[in-house]
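Below is one structure, written out as structure tokens, with a few remarks after it.
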Amino acid sequence: MASGTEETRRFYDNIGWKIQGDKLVDVNLFGIREDGPIRMELHKLLMDRVRSALGANVNLLECGCGANPAKWLLDKCSRYTGVDFSDTGLDVARTLFSDVTTPHEFRNADVCNLPFEDGAFDAVYSAQMIFHIADPSSQDAALSQMARVVRRGGTIVLIAANPYPLLFLGQLVRGIARDLPLVGAALNSVRKTPPLPYKPMPIGWMRTRLGKFGRVEVLTGALPTTYFNQNVTEHRGIGKLLWKGIRWLDINHPTISAYLGSYVMMVGKKT
């Protein structure tokens, strides 16, 4: 039976959802280190796209909520359910929702084998989770499970990594090399071990899997790589010009930008 990756669960139970300084380790590793008006604008733009795709008054399932559940979607929800296989993350999530009046629950569950009836939800939302499942067949199972538990006419919103971001040459080359067996093995032998599994699948692969269940729209999730986001300022010099270019692409060409940037948003409508 397909399942999530045990190494990922161990990382989040023991490290990722612990506090380091005043932040979660996950945020220190993958979050931004500098605020700025462009970053804030683009983050709001993504949130607005997600909110628009989900609609209103939905019975929502969030897959892989961890310790960072989408509290910002609660005004769209008639009911919210969050699932994750990290007990540590779920404990934090329950604390964050202690003041929430919207009907809600959190359950320990593997996204590859969801414990819900067919068509139980109006919508499923999952962000930055699918690529931490190391086995592609298990990623396929997770997508199938999301589609199974959504009713006909319902929506799946997925935020995933693009392994081949055309705008970022270094990451593009690494993504191609990672998928070449001999080259990938050689790189893995010399590079620093990543903190947790990372297996982003091509946009076309994900679109085909979701397309088995209905219509799929592909939009940009976020253009910058984590490295770019954490290390390139938007306040001065060449960084300021680069961030303005990213903003222009994200706003004016969200479909093209899905292939140019590092993260993709997929909206599936189940038929």
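Read-outs: derived from the displayed coordinates by stated rules, not from any lab. The structure displayed is predicted, hence computed values, not measured ones. Neighbour counts run over all protein chains shown; Cβ positions are idealised from the backbone, glycine included.
Here are the numbers for this structure:
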{"read-out": "Estimated FRET transfer efficiency (Thr101, Ala177; beta-carbon r; R0 45 Å; 0.05)", "value": "0.35"}
{"read-out": "Dipole magnitude of the stretch 189-238 about its Cα centre (Cβ charges: Lys, Arg +1; Asp, Glu -1), debye to nearest 20", "value": "260"}
{"read-out": "Which of Gly36, Ile251, Ile130, positive extreme of dipole for the chain (C-beta unit charges)", "value": "Ile251"}
{"read-out": "Cβ-defined net charge surrounding Thr5, 11 Å radius [Lys, Arg +1; Asp, Glu -1]", "value": "-1"}
{"read-out": "At R0 = 25 Å, FRET efficiency that the Cβ-Cβ distance of Ser78 and Asn14 yields, to 0.05", "value": "0.10"}
{"read-out": "Relative counts (whole %) of C-alpha pair distances in the stretch 45-181, using bins that are 10 Å wide", "value": "12, 39, 33, 14, 3, 0"}
{"read-out": "Fewest-first sequence of Ser137, Ser3, Ser126 by Cβ atoms within 10 Å of each Cβ", "value": "Ser137, Ser3, Ser126"}
{"read-out": "Between the stretch 3-42 and the stretch 197-271, the Cα center-to-center distance that results, in Å", "value": "19"}
{"read-out": "The chain: most fluctuating residue of Arg236, Arg152, Arg209 per GNM, C-alpha cutoff 10 Å", "value": "Arg236"}
{"read-out": "Sorted by Cβ density within 10 Å, fewest first, the residues Ile251, Ile159", "value": "Ile251, Ile159"}
{"read-out": "Unit charges at the beta carbon, dipole of the chain: most positive-side option, Cys77, Thr208, Leu169", "value": "Leu169"}
{"read-out": "14 Å reach of a label modelled at Ile38, 7 Å along Cα-to-Cβ, counting backbone N of the stretch 240-260", "value": "240-252"}
{"read-out": "Charge tally in the Cβ shell below 13 Å around Gly154, where Lys, Arg are +1 and Asp, Glu are -1, Gly154 excluded", "value": "+4"}
{"read-out": "Lys, Arg +1 and Asp, Glu -1 on Cβ, resulting dipole of the chain about Cα centre, debye, nearest 20", "value": "740"}
{"read-out": "Rg and Dmax [Cα atoms of the chain; Å; Rg one decimal, Dmax integer]", "value": "18.1, 54"}
{"read-out": "Mean residue ellipticity (222 nm) of the chain, computed from DSSP H runs ≥ 4 via -39,500 (n - 2.57), nearest 500", "value": "-12000 deg cm²/dmol"}
{"read-out": "Convex hull volume per residue in cubic angstrom - Cα atoms of the stretch 156-271", "value": "116"}
